[in-house]
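Undergrad: Have a look at this one.
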Amino acid sequence: MPRNHKHQMMRRLQDNWSVKIVRAMQLEGKSPYFRAMQSANSPRVDIDGAPRLMLGSNNYLGLADHPLVIEGARKALERFGAGSTGSRLLNGTIELHLELEAEIADWYGTEAAIVFTTGHQANLGTIGTLAGRGDVIVTDADAHASLHDAAKFTDAQAVRFRHNDVDSLAEKLATAAKRGRPALVAVDGVYSMEGDLAPVDRLAEICLEHNALLLVDEAHSVGVFGPNLTGVTEMYGAADRTPLRTGTFSKSIATVGGFAAGSHDLVDAIRTSGRSFLFTAAGVPAAVGGALAAVRLIRSAEGQERAERCLANGRFLRDSLISLGVPLADPATGPDGAEIVTPIVPVIVGESLRAFATWHELYQRGVFAALAHYPAVPLDHALLRLAVTAEHTFADLEEAAEAVHAVLELDTERQLVA
Ligand SMILES: Cc1ncc(COP(=O)(O)O)c(C=O)c1O
């Protein structure tokens, strides 16, 4: 043991609440985390030596094991090798990066696009390149960690507005304007845990009124929403008022990597001064080749058909759970206030320990869900995050809904006894 293991920073780790709860669950064999799969990411996967219905992925279009995506990855691996061994700036750029950037710019209708190693880095690099000392970055309070991290990563002032509350945003922007501070607003298009949507049209209007730049992270909406499947900004008809759009390849695009789509000035500035772009190795060729194949597929008729199936599955799962009386988070609403179904169906459980127990019972019944608990969601608002893919069948989803219903009934019985 190193001599300084009793250093106060190390001791502090022992009091970490999340670590304690996860360790306790691990000891009982009930932890939902780091369960290793023995098969490809598909509607049914092998975990711990048994088949499970996978409702805990972000593989919305079911492309992770699609033959064309695998073929794209395989060809890139065979031609360019296993790793990039360097930054995009130096030896890490391969032809496929440039093809993918051209494809994304064409898809998003922007002057340019830039590919990062991950989506997290795309947000850090984009925001970090634009904002600095004297500026204000205003993020939605529930925005993804990468947007909050990006705001902290700069010398700009980081401010949060209440989740999806346009008045709260207007107030923050008015304060920034009064102080003569340029502002950048950053939001998720679809919020990853609750599956609700940012009201991008109204956010874009407020940003224009206050002369603020709007960035929408399309991580969970690319491939799913909008006439061309570029995300919710397009669905809201707000692409022309949204100068910055970022995204990831780790969900519908089913590989790993990230991107920003915007102006030549933005992309050239990131290329030369985006720290999370420059000071890291380029993504592995297989990821870039797989992403290129997936983007092309999403832009084809098959992509549209898969997005429709994915949303039909989201609707089916939601309706099945509601008909069984399972408590769900409120549905998302779209541009006209009408209900919008997303692939994310969050089942509210409440207190963390109960959520862990419920997760484990569901797992034992052969359904893998994602468990979100504090600090990913507010304290005592733990939820089972179910997410459908285009490849699930209605029979799969019926099975999942019945299992969720059964484990929640058990949970209620336990609460009554306690
Ligand atoms: C909204 C959002 N943005 C960014 C990211 C980061 O993407 P990546 O996994 O490519 O780093 C995620 C992934 O969880 C996300 O949900």
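The values are calculated or read from the model by the stated rules, or taken from the named source; none is laboratory data. All values derive from a computational prediction rather than experimental measurement. Don't worry about glycine lacking a Cβ; one is built from the backbone with ideal geometry, like all the others, and counts go over all protein chains shown. Protein only, heavy atoms only, side chains kept; ligands, DNA and RNA dropped before computing areas. Shrake-Rupley method; radii C 1.70, N 1.55, O 1.52, S 1.80 Å.
Undergrad: Okay, which of region 92-124 sit inside 12 Å, backbone N to the point 7 Å along the Cα-Cβ direction of residue 85?
TA: Label zone hits: 92.
Undergrad: Another question, then. Could you list the residues of region 66-82 with an amide nitrogen less than 13 Å from a label point located 7 Å from the Cα of residue 300 in the Cα-to-C-beta direction?
TA: Correct set: 66-72.
Undergrad: A further question on this structure: Out of the trypsin sites (Lys or Arg not before Pro) in region 21-54, which ones are loop residues according to DSSP with at most 14 other C-beta atoms within 10 Å?
TA: Hits after loop and neighbour filter: 35.
Undergrad: Let me ask something additional. Return the FRET efficiency for the residue pair residue 41, residue 324: r is the Cβ-Cβ distance, R0 is 45 Å, and the value is rounded to the nearest 0.05.
TA: 0.95
Undergrad: Continuing with the same structure: Can you give the percent of C-alpha pairs in region 67-298 whose distance is more than 22 Å?
TA: Above the 22 Å cut-off, region 67-298 has 48 percent of its Cα pairs.
Undergrad: Quick query: amide H of residue 160 versus all other amide H atoms, modeled in the peptide plane; which residues come in under 5 Å with a sequence gap of 5 or more or a different chain?
TA: 139
Undergrad: Please work out the average accessible area per residue across region 67-298, using the 1.4 Å probe convention, and give it in Å².
TA: Per-residue value: 39 Å².
Undergrad: Helix-derived [θ] at 222 nm for the chain: sum -39500 (n - 2.57) over DSSP H runs of at least 4, divide by residue count, nearest 500?
TA: For the chain, the value works out to -13500 deg cm²/dmol.
Undergrad: So for region 267-374, what are the equivalent ellipsoid semi-axes in whole Å, largest first, each being the square root of 5 times an eigenvalue of the Cα gyration tensor?
TA: That gives 34, 22, 17 Å for the three semi-axes.
Undergrad: Give me, ordered by chain and number, the residues 5 or more places off residue 367 or on other chains with an amide H under 5 Å from its own placed amide H.
TA: Close amide H contacts, sequence-distant or interchain: 53.
Undergrad: In region 342-418, which chymotrypsin sites (Phe, Trp or Tyr not before Pro) fall in coil by DSSP and have 15 or fewer other Cβ atoms within 10 Å?
TA: In loop regions of region 342-418 (DSSP not H, G, I, E or B), there are no sparsely surrounded chymotrypsin sites (Phe, Trp or Tyr not before Pro).
Undergrad: Still on this structure: Which values, in whole Å and largest first, are the semi-axes of the equivalent ellipsoid of the chain obtained as the square root of 5 times each eigenvalue of the Cα gyration tensor?
TA: 33, 26, 24
Undergrad: Mind pulling the angle between the C-alpha long axis of helix 285-298 and the longest principal axis of the chain? Nearest 10 degrees, somewhere in 0 to 90.
TA: Taking Cα atoms only, the helix is inclined about 90 degrees.
Undergrad: Using a Gaussian network model of the chain with C-alpha springs under 10 Å, which one of 376, 186, 307 is most mobile by mean-square fluctuation?
TA: Greatest mean-square fluctuation among the candidates belongs to 376.
Undergrad: Which of 102, 73, 143 moves the most in a Gaussian network model of the chain with Cα springs under 10 Å?
TA: 102
Undergrad: Anyone know which of 59, 16, 41 comes out most mobile in the 10 Å Cα GNM of the chain?
TA: 16
Undergrad: Carbon-plus-sulfur fraction of the accessible area of the chain, 1.4 Å probe, in percent?
TA: That share works out to 54 percent.
Undergrad: Quick check: residue separation of residue 174 and residue 265 times 0.36 nm, minus the Cα distance between them. What number comes out in nm?
TA: 30.1 nm
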